[in-house]
Amino acid sequence: MSSPVPQPHNRSRKTEDEDDPLDQMIGRTGCATAHYAVQECMAEHQDWRKCQSQVQSFKDCMQGYQKKRAEELLMIKREHQLKS
């Protein structure tokens, strides 16, 4: 009687179509367009100092998202406190 042949580990890499976790996270913020603008500028100029307007736009977008998210979390916290 023979024992079952063990299956090898699945070491396949993700396809390029799958989003990277950072892209997914930035996509949820609504700032993906600004992020891609920074990436494109950096690829073109190879100097972050030449991309300050794109960096500032991305920063402003992320700060807006963070403020909105903090307000949402505060509201959730208050709702839970009221229920207790």
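One table, with the values for the structure above:
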quantity	calculated
Residues of segment 21-57 that turn out to be under 18 Å from residue 69 (Cβ atoms) and β-branched (Val, Ile, Thr), as a count	2
Every residue from segment 39-75 that is more than 22 Å from residue 23 (Cβ to Cβ) and among the acidic types (Asp, Glu)	47, 71, 72
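Read-outs throughout are calculated quantities, based only on the coordinates presented, and are distinct from any laboratory measurement. None of these values were measured; they are calculated from a predicted model. Cβ atoms come from the backbone with ideal geometry, glycine included; neighbour counts cover every protein chain shown.
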